[in-house]
Amino acid sequence: MREEAHLVVEDVRKLYGEVVALDGVSLAVGATDYVVLLGPSGSGKTTLLSVIGGFAFPSAGRITIAGKDVTALGPAVRPTTTVFQDYALFPHMTVAGNVGFGLRIRGVAGTEQRRRVGAALEMVGLTGFDRRGIHELSGGQRQRVALARALVVEPQILLLDEPLGALDLNLRRQMQDELLDLQRRTGRSFVHVTHDQEEAMALASLIVVMNKGRIEDLGPPQRVYARPATRFAATFMGESTQFEGRVAERASGQCLLVETPVGHLPVTGNLEAGSQVTIILRPENIRAEAGGEIALGEARVREAVFQGAHYRVLASRQSPAQDFVLRLPPQAVIEPGMALKLSCAAGDLVLLQR
Amino acid sequence: MIGRLRWPGAGTALGALYMALCYGFIFLPVIVLVLFSFQSGDLPAPPFNGPSLRWYQAAFADGRLVDGFTNSLLVGGSSSALSVLLGFFAAYGIARYEFPLKRAIQAIVILPLAVSYLLIGMGLLVSASWLGFSPSLSTVVIGHVVVNMPLAFVICLAQLGEHQRRVEAAARDLGASTFRVLFSITAPMIAPALIAAFCLCFTLSWDETLIALLNTRFDVTLPVVILSLLRGGVSPLTNAAGSFIFLCSILLMVVVELLLLRQRR
C-alpha cells in the first residue's frame, strides 16, 4: 500500500528550553496520503506540524519533501501551506483578496489570477463570494476560504491545524467529507492535526498516534484501531477491555499462552515465558454468549448506557477481579446485576508488552 | 445609616459642587481665551463687545502667524510620520523577535517619555551646535520624534497580539517576505491604531513650545510665534491664534478617541 515516500521526517527533536516537545520523531508519508497526527494536548502533534511547515525549526533531525532537504527553509519557500486553527484570514481583505494573496506574491497576473481564485472558490463551494468581507462570513465559510487560500498556490503538502475544532458537530461531519473529497480531487498529501480519534479515523489513510513528543503508533486507521502497537495507542483510539497477565508458556512457534484473571488466553506474539503483558480486546469483539471460540467466563452488568446504535455495557467479575466493556445491540434487554456469559474470537485478542 | 438619611442628597450636592469647581478651574481659562478671541475691542478683557471675527481675520492676515502655522504643519506632519514609522518598526521588532537585552532595549525606547522637554530641548541645541548644525525646523522635528516616538511605539505594541501573529504567519506561509508582511498585512490590520498614533503625535507636536523655542531661530512654529506676540502685550489676536490651535488639537483628539474606542469594542 505504501507508495514512495514524499515527506520524510527523520529523527526530529525539538526542545523549547528544557521542555522536550518532539523526542526523536520519524515518519514517511506518500504523495497522496491523508495523514492525521492524533494525540492529546501536549503530545507534540502541533509542534510536528509547525516543524513540517517551517514555523519552528527542529533542534535535531532532518525533513525532506520530494527528495529535497527543507530542514532549514522558512515557511515562505517550502512547498507547504497551512490552514490555521483560527483560520488567520486577512481581516482587511475581501474573500477574493485573501484567496489571491499567494498568487499575487508569486506574481500571477490579473486574468490568470482571477481565473484561479474563481476555480479555488468553486472547489470549496464559495462561488460568488469574491467581494464579501471576512466579517460577513460564518465559521464554516471562513474555514472554506482558508482552505481555498492555502490550496490555490498548489502546495505539495497541505497542513491543517485542528481545522474543524471550532465547528459544531454536523458541520464538522460535513467538512470531513469535503476535506476527503478535496484531498482526492487535488491528489495532494494532507497532514491534519486533531485530538479527536473519530475525526482521525474518518479522514486518515495514515494515522500517527503521538504522546509526549513520541510516535506511539503509525499505520492505516483499521490496523491502528484493531491492533494498536502500544497501550497508549489502544486507549487513545477507543475503549477496550484490558487483561493484565504473564506469558505462561510458549506453545508452538508464535503462539503464546498468557495467564490472565479469566484463564489462559492464546495469543500470537514472540515473547519469553514470564514476560508481563496486557491483552486488549475492543468492546465490539466481545460476544455476550457462551458459543465463542474463547470463553471469558461470566460477568455481572454494572451499568448499561443506551447510545442509540448500541448499548455500552460495563460488566465485572470478582475473584479474580476483571472489568469488561462491551457493546450490545439496542434491542437487547439489559439490567444492572444481570449475569452475562462472555466469549470472543482468538484473532481479536491483541498482545501488548508492558 | 440614620445620620446619612437625614439630608438625602447632601453628599451628592457637595460632590457636584466639587466637580463643578474642578471643571471650572480647568476650563474657565480656555472659555475666557476662546470668548475674548471673538472680542471686537482692542483688549482681551471685559467688557466683552462682539462677537466679531475681526481678530481671526487679523490672525490670518498676519505674516508671522501664517508662517508659524505652515511651519507647525510641516514639523507636526513630518515628525509624526517619522514617529509612527519608527515606533511601528520598533514595536514589530519587540513583539515578534526574541533577542538578548530585549527588555532593556524596550525600556530605552520608552525612556524619553520620562525625560523633561527642557532637557531634551537643551540637549538637542547643544548637540546640534557641537555637530556644527545651526538651529532649524529639522532640529525641532528630531526633538519631536524623540518625545513622540515612544508613544507611537506603545500604541503599536499594544495592537500586535497573538491573533496578528498568526495572520502574519499565514501570509509568510503563502510566500510573503518580511517587508511584504509588514506593509500589506500588519500595517493595514492595525491601521486605526497607526492613524490614532499619528494624530496623537501631531497634537503633541502642534502645541509643543519648549523644544521648538530652544531650537529655532528665524523659522518658528506657531506656539513660538504666539509666545513672542505675548511679549509685546496681550491682544485678542493671540487669543484668536490660541483658539485656533486649540480647535485643531480638539479635532485631532476626537479622531484619536473614535479610532481607539472603535478598536476596543
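The set of residues from region A:66-95 being crowded, with 22+ Cβ neighbours inside 10 Å and away from chain B (no Cβ under 12 Å) comprises just one member, A:95. For region B:176-188, check the following and say yes or no: at least one residue is in contact (Cβ under 8 Å) with a residue 40 or more places away in the chain, within 22 Å of the chain's Cα centre (by Cα), within 14 Å of chain A (Cβ to nearest Cβ) and outside any loop (DSSP other than H, G, I, E, B). Looking through region B:176-188, at least one residue is in contact (Cβ under 8 Å) with a residue 40 or more places away in the chain, within 22 Å of the chain's Cα centre (by Cα), within 14 Å of chain A (Cβ to nearest Cβ) and outside any loop (DSSP other than H, G, I, E, B). Summed over region B:136-175, residues that are crowded, with 20+ Cβ neighbours inside 10 Å, more than 8 Å from every other protein chain (Cβ to nearest Cβ) and within 18 Å of residue B:97 (Cβ to Cβ) total 6. Identify all residues within region B:214-243 that are among the hydroxyl-bearing types (Ser, Thr, Tyr) and part of a helix (DSSP H, G or I); write none if there are none. B:228, B:238, B:243 - these are the residues of region B:214-243 that are among the hydroxyl-bearing types (Ser, Thr, Tyr) and part of a helix (DSSP H, G or I).
Where in region A:281-354 are there strands (runs of 3 or more DSSP E), lying fully within it, with 1 or more residues that are in contact with a helix residue (DSSP H, G or I) (Cβ under 7 Å, 6 or more places away or on another chain) and of a type outside the set (D, E, K, R)? Per the criteria, A:294-306, A:322-328, A:339-344, A:350-353. Selection of region A:11-26 for residues being away from chain B (no Cβ under 14 Å) and either surrounded by 22 or more Cβ atoms within 10 Å (Cβ to Cβ) or among the small types (Gly, Ala, Ser) (or both) yields A:12, A:14, A:21, A:22, A:24, A:25, A:26. The set of residues from region A:50-65 being within 14 Å of chain B (Cβ to nearest Cβ) and either among the basic types (Lys, Arg) or surrounded by fewer than 16 Cβ atoms within 10 Å (Cβ to Cβ) (or both) comprises just one member, A:57.
Within this structure, residue B:230 passes the test of being more than 14 Å from chain A (Cβ to nearest Cβ), under 26 Å from residue B:246 (Cα atoms) and surrounded by fewer than 19 Cβ atoms within 10 Å (Cβ to Cβ). Could you tell me whether residue A:73 is outside any helix (DSSP H, G or I) and under 26 Å from residue A:187 (Cα atoms)? In short, yes.
All of A:313, A:258, A:301 fail the test of being over 18 Å from residue A:226 (Cα atoms), under 31 Å from the mean Cα position of the chain (by Cα), at pLDDT 90 or above and not hydroxyl-bearing (Ser, Thr, Tyr), apart from A:313.
Tell me, which residue of region A:96-112 that is without any contact (Cβ under 8 Å) to a residue 40 or more places away in the chain and charged (D, E, K, R) is surrounded by the fewest Cβ atoms within 10 Å (Cβ to Cβ)?
Only one residue tops the list, namely A:112.
Checked against (1) under 21 Å from residue A:232 (Cα atoms); (2) out of contact with any helix residue (DSSP H, G or I) (no Cβ under 8 Å at 6 or more places or on another chain); (3) not in a loop (DSSP other than H, G, I, E, B), residue A:43 passes all but condition (3).
Residues of region B:44-68 that are surrounded by 14 or more Cβ atoms within 10 Å (Cβ to Cβ) and hydrophobic (A, V, I, L, M, F, W, C): B:48, B:53, B:55, B:58, B:59, B:60, B:65, B:66.
For residue B:195, are the conditions met, namely being touching a helix residue (DSSP H, G or I) at 6+ places or on another chain (Cβ under 7 Å), within 14 Å of chain A (Cβ to nearest Cβ), on the phi < 0 side of the Ramachandran plot and without any contact (Cβ under 8 Å) to a residue 40 or more places away in the chain? Before you say what the answer is, go through the steps one by one.
Numbers: touching a helix residue (DSSP H, G or I) at 6+ places or on another chain (Cβ under 7 Å): yes; within 14 Å of chain A (Cβ to nearest Cβ): yes; on the phi < 0 side of the Ramachandran plot: yes; without any contact (Cβ under 8 Å) to a residue 40 or more places away in the chain: no.
Answer is no for this residue.
Each residue in region A:96-111 was checked for being in a loop (DSSP other than H, G, I, E, B) and within 7 Å of another protein chain (Cβ to nearest Cβ), and 1 pass. Any residue at all in region B:160-177 that's under 21 Å from residue B:94 (Cβ atoms) and among the hydroxyl-bearing types (Ser, Thr, Tyr)? Checking region B:160-177: at least one residue is under 21 Å from residue B:94 (Cβ atoms) and among the hydroxyl-bearing types (Ser, Thr, Tyr). When restricted to residues that are at pLDDT 85 or above and either surrounded by 10 or more Cβ atoms within 10 Å (Cβ to Cβ) or β-branched (Val, Ile, Thr) (or both), region B:1-28 contains 16.
The values are calculated or read from the model by the stated rules, or taken from the named source; none is laboratory data. These numbers were taken from a predicted model, which means no experiment stands behind them. With ideal geometry, Cβ positions are generated from the backbone for all residues, glycine too; neighbour counts draw on all protein chains shown.
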